[in-house]
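Trainee: Sharing a structure below in structure tokens format, with a few things to ask.
The values are calculated or read from the model by the stated rules, or taken from the named source; none is laboratory data. Please read these numbers as outputs of a predicted model, since none were measured by experiment. Using ideal geometry, Cβ is built from the backbone for each residue, glycine included, and neighbour counts are taken over all protein chains shown.
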Amino acid sequence: MPTLEWIGKEKVVNHHQEVPYRVLERQYSYDEAGQHAEDNGSENMIIHGDNLEALKALLPRYEGKVKCIYIDPPYNTGNECWVYNDNVNDPKIKKWLGEVVGKEGEDLSRHDKWLCMMYPRLKLLQKLLAEDGTIFISIDDTEYANLKLICDEIFGNNCFVSNISWQRTYSTRNDSKGIVNEVEHLLVYSKQPGWNPNKLPRTEEMDSIYKNPDNDRTSWASDNPFAPGAATHQGMVYAIQHPFTGKMLYPTNSRCWTFGQEQMLEIMRGWCDYELRDINDAKERAAVCGVPESEVREGVQAIVLSKSLEESAAQAKEVYQRGQWPRFFFTKGGKGGIRRKTYLKNVGGKVPTNLWPYSETGHTDEAKKEILAIFNGKATFDTPKPSRFIERILQIASTPDSLILDSFAGSGTTAHAVLNMNRADGGHRKFILVEMMDYAGSITAERVKRVIDGYGEDKKAVEGTGGHFSYYELGPVLLLPDGNLNEEVGAQEIREYVYYMEAKEPMPIEQPKDEPYFMGLCRNTAYYFYYERESITTLDYAFLSTIQTKAEGYIIYADLCAIPLGTLRNHNILFKKIPRDIARL
């Protein structure tokens, strides 16, 4: 598979492994009671900080758990504004490049810098994505080709789903130069090959073709009576005698009847009396199947009238006039060809396509007006996405209980869309937003507060969605550069990290009160972290006597061990020394 090379790539391909693990520190919670210091237990998170470090901090709890990721990273166009730097000359990114890539970062082109910034973040996002999850990335022509190549490398080109064209604008200026960019790209990758989207709700226009001219039990549309595959389904290629004209009807060339012969016989008996009979029509069936007559399947009978054509036609005419025609019917008052009914209740929703018109998913002007309405006419953010656009993503890529992640959160549109959908269908979708800029509190979180509570005045007032979230800052690193534990980090955060590094799954929320050092049981191994900030802990016989959990094996962390290695082995106990044996994420 072709891969993309750029200056600095060798420094960032595995940089996600070198990113320090930092704990997340909750600053406040928000719900119907407003903002308060008490933890409301909300699974919705808004995190202020470098998204590279924030994504690393999310791994112990959320690796492989995120159903849908949407990101709207910098497009690297070179255009900048006060609230959002749309290229990689942002001071924080430049500082990061200097620390990670080194002095050669000073000479990189802006495309190399952009790739150095994106690659490790995409690596962590891939780890967070669930096995049945998908990632949607907004981008324009500037970096689309580069993004596609690194996504092929990180997610796998067999996991490429689509390049969706979003019609971002509803009008163009007459004085525009060149070919106007009317659409943006929405690049879609899945964690595993073969992902299929949810279907969209049907529209009135789609349903308008379904009628009920025969007073059937529900509306239906006229459909093709044939299916492909005549050569491989020769038993479904046969004649059906027309009850009004007596003509023998065959599928068109290379096609067969939609249903098997026994089912078709029962359907046709809804018109009049039919039976199976050999009519020696191998030549006709061979022509339909596209095979020599000598190779056509033998013994395939025709569905023919049991009574005379006159009697059969009279019986079929009564059915036609009475209504509720059989599943296969005849057009033009019975004198035309054969067709099949497709019932509206059986067709399901609308299949998503790779063209998203603004009429269905909103446009940039709509997004700006949405922000203005939320912030009382103040232009707080210049490049938001409309909430309808994110809602479309959630419609096709999430369920009512999904976890949604946006690590380039901007103005918080993703949370807005999640809250809207939960209110509309009673779902319990959760969101995690990450924003590195200082407006994470004043714009991102503030928007979510106003969406929860409601905003606007008088006739333009928008009712609140309800909901809740907690706001976090990136806290201290858990492991210091010298390998020691950072004593400023709480014991619970350390335990969660250690358990994740061992079990590769989140530590159970419920912990036994009579075993304070027990972390969890995974694959019949019990994990203990015997740690005290103010004292040295020793794995000895006294500690072993406190263990109550029965398991095939035990992994126990402590500062020291006073039990002989042979005894540990006899009891399937593996001792790990704090901090030496704590693995780095």
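For every residue, the table says whether it meets (1) surrounded by fewer than 17 Cβ atoms within 10 Å (Cβ to Cβ); (2) in contact (Cβ under 8 Å) with a residue 12 or more places away in the chain; (3) of a type in the set (Ser, Thr, Tyr).
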{"position": "LEU128", "(1), (2), (3)": "no, yes, no"}
{"position": "ASP132", "(1), (2), (3)": "yes, yes, no"}
{"position": "ILE135", "(1), (2), (3)": "no, yes, no"}
{"position": "SER138", "(1), (2), (3)": "no, yes, yes"}
{"position": "THR142", "(1), (2), (3)": "no, yes, yes"}
{"position": "ALA145", "(1), (2), (3)": "yes, no, no"}
{"position": "ILE150", "(1), (2), (3)": "no, yes, no"}
{"position": "PHE160", "(1), (2), (3)": "yes, yes, no"}
{"position": "SER165", "(1), (2), (3)": "yes, yes, yes"}
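Trainee: Tell me which of these ILE71 doesn't satisfy, since it passes every other one: (1) closer than 19 Å to ASP382 by Cβ; (2) at pLDDT below 90; (3) not charged (D, E, K, R).
Mentor: (2)
Residue by residue, here is whether (1) loosely packed, with under 12 Cβ neighbours inside 10 Å; (2) not charged (D, E, K, R) holds:
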| site | (1), (2) |
| --- | --- |
| LYS283 | yes, no |
| GLU311 | no, no |
| GLY333 | yes, yes |
| TYR343 | no, yes |
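Trainee: Let me ask you something else. Kindly indicate whether GLN315 is touching a strand residue (DSSP E or B) at 6+ places or on another chain (Cβ under 9 Å), surrounded by 14 or more Cβ atoms within 10 Å (Cβ to Cβ), within 30 Å of THR245 (Cα to Cα) and not aliphatic (A, V, I, L, M).
Mentor: no
Trainee: While we're looking at this one, here's another question. Could you grab me the full set of residues in the range 450-466 that are charged (D, E, K, R) and more than 11 Å from PHE375 (Cα to Cα)?
Mentor: Within the range 450-466, ASP453, GLU457, ASP458, LYS459, LYS460, GLU463 qualify.
Trainee: Additional query: Scan the range 9-33 for residues that are in a loop (DSSP other than H, G, I, E, B) and of a type outside the set (D, E, K, R) and jot them down.
Mentor: The answer is VAL13, ASN14, VAL19, PRO20, TYR21, ALA33.
Trainee: Another question, then. Restricting attention to the range 501-520, does a residue exist that is surrounded by 12 or more Cβ atoms within 10 Å (Cβ to Cβ), farther than 30 Å from GLU435 by Cα and in contact with a Gly (Cβ under 9 Å, 6 or more places away or on another chain)?
Mentor: Yes; the residues of the range 501-520 include at least one that is surrounded by 12 or more Cβ atoms within 10 Å (Cβ to Cβ), farther than 30 Å from GLU435 by Cα and in contact with a Gly (Cβ under 9 Å, 6 or more places away or on another chain).
Trainee: OK, next. Please verify whether THR465 is of a type in the set (Ser, Thr, Tyr), assigned to a loop (DSSP other than H, G, I, E, B) and either out of contact with any strand residue (DSSP E or B) (no Cβ under 7 Å at 6 or more places or on another chain) or closer than 24 Å to GLY49 by Cα (or both), treating the condition exactly as stated.
Mentor: So THR465 fits the description; yes.
Trainee: I need the full set of residues from the range 423-447 which are in contact (Cβ under 8 Å) with a residue 12 or more places away in the chain, closer than 20 Å to ASP401 by Cβ and either out of contact with any Pro (no Cβ under 8 Å at 6 or more places or on another chain) or surrounded by 19 or more Cβ atoms within 10 Å (Cβ to Cβ) (or both), in order please.
Mentor: ARG423, ARG429, LYS430, PHE431, ILE432, LEU433
Rundown of residues vs (1) modelled with pLDDT under 90; (2) within 29 Å of TRP6 (Cα to Cα), yes/no style:
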residue: ILE150; (1), (2): no, yes
residue: ILE154; (1), (2): no, yes
residue: ASN157; (1), (2): no, yes
residue: SER162; (1), (2): no, yes
residue: THR172; (1), (2): yes, no
residue: VAL180; (1), (2): yes, no
residue: GLY194; (1), (2): no, no
residue: LEU200; (1), (2): no, no
residue: GLU204; (1), (2): yes, no
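Trainee: Take ASN40 and decide whether it is within 17 Å of ALA415 (Cβ to Cβ), surrounded by fewer than 23 Cβ atoms within 10 Å (Cβ to Cβ) and either out of contact with any helix residue (DSSP H, G or I) (no Cβ under 9 Å at 6 or more places or on another chain) or touching a residue at least 40 places away in the same chain (Cβ under 8 Å) (or both).
Mentor: yes
Trainee: Here are some conditions: (1) over 20 Å from LEU479 (Cβ atoms); (2) surrounded by fewer than 16 Cβ atoms within 10 Å (Cβ to Cβ); (3) of a type in the set (A, V, I, L, M). LEU539 meets all but one. Which one does it not meet?
Mentor: That leaves (2) as the condition not met.
Trainee: Then there is this: Go over the candidates GLY467, GLY454 one by one and state the one that is of a type in the set (Gly, Ala, Ser), out of contact with any Cys (no Cβ under 6 Å at 6 or more places or on another chain) and without any contact (Cβ under 8 Å) to a residue 12 or more places away in the chain.
Mentor: Every option except GLY454 fails the conditions.
Trainee: Looking at (1) in contact with a strand residue (DSSP E or B) (Cβ under 7 Å, 6 or more places away or on another chain); (2) at pLDDT below 95, find the lone condition where GLY299 falls short.
Mentor: For GLY299, the exception is condition (1).
Trainee: Okay, moving on. Restrict the check to the range 218-229 and report whether at least one residue is touching a helix residue (DSSP H, G or I) at 6+ places or on another chain (Cβ under 9 Å), in contact (Cβ under 8 Å) with a residue 60 or more places away in the chain, surrounded by fewer than 12 Cβ atoms within 10 Å (Cβ to Cβ) and more than 30 Å from ILE135 (Cβ to Cβ). Steps first, please.
Mentor: Step one: list which residues in the range 218-229 are touching a helix residue (DSSP H, G or I) at 6+ places or on another chain (Cβ under 9 Å), which gives 218-221, 227, 229.
Retained after the next criterion (residues that are in contact (Cβ under 8 Å) with a residue 60 or more places away in the chain): 218-221.
Next cut, surrounded by fewer than 12 Cβ atoms within 10 Å (Cβ to Cβ) only: 218.
This time we only want the ones that are more than 30 Å from ILE135 (Cβ to Cβ), so: 218.
Yes, there is a match, as at least one residue in the range 218-229 is touching a helix residue (DSSP H, G or I) at 6+ places or on another chain (Cβ under 9 Å), in contact (Cβ under 8 Å) with a residue 60 or more places away in the chain, surrounded by fewer than 12 Cβ atoms within 10 Å (Cβ to Cβ) and more than 30 Å from ILE135 (Cβ to Cβ).
Trainee: Right, another one. Any chance you could count how many residues in the range 432-456 are in a strand (DSSP E or B) and either more than 19 Å from LEU125 (Cα to Cα) or touching a Gly at 6+ places or on another chain (Cβ under 9 Å) (or both)? Quick ask: steps written out before the conclusion?
Mentor: Initial filter on the range 432-456 (in a strand (DSSP E or B)): 432-435, 454-455.
Okay, now just the ones that are also either more than 19 Å from LEU125 (Cα to Cα) or touching a Gly at 6+ places or on another chain (Cβ under 9 Å) (or both), so 433-435, 454-455.
Result for the range 432-456: 5.
Trainee: Filter the range 197-214 down to the residues that are in contact (Cβ under 8 Å) with a residue 12 or more places away in the chain and either out of contact with any Ser or Thr (no Cβ under 7 Å at 6 or more places or on another chain) or surrounded by fewer than 12 Cβ atoms within 10 Å (Cβ to Cβ) (or both) and list them by number.
Mentor: PRO197, ASN198, LYS199, LEU200, PRO201, ARG202, THR203, MET206, ASP207, ILE209, ASP214
Trainee: Starting from residues that are within 17 Å of the chain's Cα centre (by Cα) and assigned to a loop (DSSP other than H, G, I, E, B), keep the ones in the range 376-408 and report whichever is surrounded by the most Cβ atoms within 10 Å (Cβ to Cβ). Can you show your working first?
Mentor: Filtering the range 376-408 down to residues within 17 Å of the chain's Cα centre (by Cα) leaves 387-408.
Narrowing further to those that are assigned to a loop (DSSP other than H, G, I, E, B): 398-402, 407-408.
Values: SER398: 20, THR399: 13, PRO400: 12, ASP401: 10, SER402: 22, SER407: 26, PHE408: 20.
Looking at the filtered set, the residue picked out is SER407.
Trainee: Related question: THR414 fails exactly one of the following numbered conditions: (1) of a type outside the set (Phe, Trp, Tyr); (2) touching a Phe, Trp or Tyr at 6+ places or on another chain (Cβ under 8 Å); (3) outside any helix (DSSP H, G or I). What is the number of that condition?
Mentor: If we test THR414 against (1) of a type outside the set (Phe, Trp, Tyr); (2) touching a Phe, Trp or Tyr at 6+ places or on another chain (Cβ under 8 Å); (3) outside any helix (DSSP H, G or I), just (3) comes out false.
Trainee: Can I ask one more? Give me the helices (runs of 4 or more DSSP H) completely within the range 247-325, filtered to those with at least 1 residues that are in contact (Cβ under 8 Å) with a residue 60 or more places away in the chain and touching a helix residue (DSSP H, G or I) at 6+ places or on another chain (Cβ under 7 Å), ordered by residue number.
Mentor: Qualifying helices (runs of 4 or more DSSP H): 309-322.
Trainee: Ok, one more. Under 7 Å by Cβ, and 6 or more places apart or on different chains, what pairs join a residue from the range 342-362 that is closer than 19 Å to VAL161 by Cα with one that is at pLDDT below 95 and of a type in the set (Val, Ile, Thr)?
Mentor: As it stands, the answer is LYS350/THR203, since those pairs meet every condition given.
Trainee: A further question on this structure: (1) without any contact (Cβ under 8 Å) to a residue 40 or more places away in the chain; (2) of a type in the set (Gly, Ala, Ser); (3) surrounded by fewer than 24 Cβ atoms within 10 Å (Cβ to Cβ); (4) not in a loop (DSSP other than H, G, I, E, B): which one isn't true of ALA373, the others all being true?
Mentor: (1)
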